[in-house]
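Please treat every number below as a calculation from the coordinates, not as lab data. Quick caveat: nothing in here was measured; it's all calculated off a predicted structure. Please note: Cβ atoms are built from the backbone with ideal geometry, for glycine as well, and neighbour counts cover all protein chains shown.
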Amino acid sequence: MAFAGRSNAGKSSAINTLAQRTRLAFVSKTPGRTRHINFFRLQSGGIVADLPGYGFAAVPAAMRQHWRTFLARYLMERRSLVGLVLLMDIRHPLTPLDHRMLEWFLPSGRGVLVLLTKADKCSASERALALKRVRAAMDRIYPEGRDQLAVQLFSATRRWGVAEAAAAIATWLAGDAPAQKERPRHQGE
Ligand code: GDP
């Protein structure tokens, strides 16, 4: 499965938490530093492809374009992917590039798990509202992906949503995700 998200969204922390080991992925203090794919094996046997964080303004435009093309092709063409975990800072969800990721991956018919990260930084009512808003936006914008998409709260620091996310990933790995239905993939690009 692929893990993707805006730089600094909390992707490395989530991978480390879900892999139940520390420092599997380097937790960078500098947003946008990761410029390659790291692969990690989960205890459940699945392999995580840690895709480069996107949306970091200080990266040169040519580099941004290169990674954007790369991410598009990876998400559209990598047939071994069983699902996509998309990380969004709960305070800044659904950026334009987050939508690109969804547009590229949803045609695969496979599952997408959106983790609203750093949920501990919000109050209980803010968390509930953010979750409701993102779910409603997903339903509205991607009605065809309704069976594929799940959105949940997550905090690596507090370990909120870890069991839930691990269960979703386990379902993908077991091969009985609702996303297994055949759909044509986008060609080219
Ligand atoms: P990445 O760039 O997406 O891989 O993000 P990192 O995992 O490196 O996290 C970026 C920053 O957010 C770091 O300073 C982390 O300590 C912090 N962070 C990550 N997850 C959480 C969380 O669940 N709660 C809080 N409060 N901070 C977090």
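The figures follow:
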{"quantity": "Using a Förster distance of 22 Å, the FRET efficiency for residue 144-residue 78 (Cβ separation, nearest 0.05)", "calculated": "0.60"}
{"quantity": "Amide H contacts of residue 85 (H built 1.01 Å from N, under 5 Å, at least 5 apart or other chain)", "calculated": "2, 3, 4, 113"}
{"quantity": "Ordering of 88-101, 110-123, 148-161, 37-50 by burial proxy (mean other Cβ atoms within 10 Å per residue, highest first)", "calculated": "110-123, 148-161, 88-101, 37-50"}
{"quantity": "Separation of the residue 126 and residue 167 label points, Cα + 7 Å toward Cβ, nm", "calculated": "2.7"}
{"quantity": "Efficiency of FRET from Cβ geometry, residue 159 and residue 70, R₀ 30 Å, rounded to 0.05", "calculated": "0.40"}
{"quantity": "Shape of segment 21-173, Cα gyration tensor, a/c cut at 1.5", "calculated": "rounded"}
